[in-house]
1. Fewest first, what order do 227, 39 take by the number of other Cβ atoms within 10 Å?
2. On each of the three principal axes of the Cα atoms of the range 139-279, give max minus min coordinate, whole Å, ordered largest first.
3. Fewest first, what order do 284, 311 take by the number of other Cβ atoms within 10 Å?
4. Translational diffusion coefficient, Stokes-Einstein: compute it for the range 10-362 using the Kirkwood radius over C-alpha pairs as Rh, at 25 °C and 0.890 mPa s, and state it as an integer in µm² s⁻¹.
5. Between residue 181 and residue 276, what is the label-point separation in nm under the 7 Å Cα-to-beta-carbon projection?
6. Using Cβ contacts closer than 10 Å as the measure, can you line up 282, 366 from fewest to most?
7. With each label point set 7 Å from Cα along the Cα-Cβ vector, what nm distance links residue 85 and residue 308?
8. With contacts defined as alpha carbon pairs under 8 Å and 6 or more residues apart, what's the relative contact order of the range 10-362 in percent?
């Protein structure tokens, strides 16, 4: 009975929204791993521990403030946290950051999914339109349905990622010794410093998922539950990040241009292509679909919280949520048109730097101080 209680806990649903927001945009494909970690050599495999400390800290302070003050919509959040004078300005800045995140993170999700499904005869819009429709359905009934769906998709994602990692290392033709001995793909010196800075920037970019997690903060009943949600999210996310990064690292000297997203758009698919296990490739397609759905639905739910009043002319709540979701994910689909390489190299960098100024630093200083009061 106790075990069942653990797996049905609401804080795991909140942790799943974090994982879903993170895992969909580029990470399921391995593109984030090679861009931010693998190219720095073996030391890069440890950097997810640092990156997610940044993200987790922001998550905790933002989510706990949202929970304790009933501000799951980030506009009431900034009005409450920053006051009537600064709050409206911060609200506009948060809108810019959120919509930029939708375009970049959502665009990466759609682009990654399209790169995978196009190998099986799907067109780009043939992959994107069903995702938009299903995400809209997940958002129709608010945070409870999203949290529940994300939680069960999280269990499937964890199982599939670990299975891919184990089989790739058990049956694949890789060379771990050569990967450790080889010079890092990145030519930046000193390598360790750049690996640390890259991890911090990644953590700042991923901190924008706080908008998604805040939108389901009403499911948490206490500060203790918020801590459990963030700790669970941190542990699960780091395990998956290191599992994917280590798997790709083992193949870095075997697969040419593995760390070049302009040549190898889906690194995990490149690894799977060497295993001669078609069923595992199809399992990865299912994984990608689940990852994109959790990411897109999390972004859409945060947007529904924020922009609900702007569409108050639509009386039916479910129709209103559907319209907002379709518009937001339409922006994400537009972002995908810039291409995966541009979104990875420029888009995430811009969002990361903006996030440092308006989300990360304020979370660790101002929001933290407000919570202590």
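Every read-out reported here was derived from the displayed coordinates using simple, explicitly stated rules and does not represent laboratory data. Keep in mind the model is a prediction, meaning the values are calculated, not measured. Glycine also receives a Cβ, built like all others from the backbone with ideal geometry; neighbour counts cover every protein chain displayed.
1. On the way: 227 15, 39 24.
Going from least to most buried by this count: 227, 39.
2. Sorted from largest, the Cα extents of the range 139-279 read 50, 41, 27 Å.
3. Numbers: 284 23, 311 14.
Exposure proxy ranking, most exposed first: 311, 284.
4. Numbers: Rh = 20.0 Å.
Answer from the Stokes-Einstein relation: 122 µm²/s.
5. Result for the modelled spin labels: 2.7 nm.
6. On the way: 282 12, 366 15.
By the 10 Å Cβ count, ascending: 282, 366.
7. 3.1 nm
8. Numbers: 566 pairs, mean separation 147.3, N = 353.
Reported relative contact order: 42 percent.
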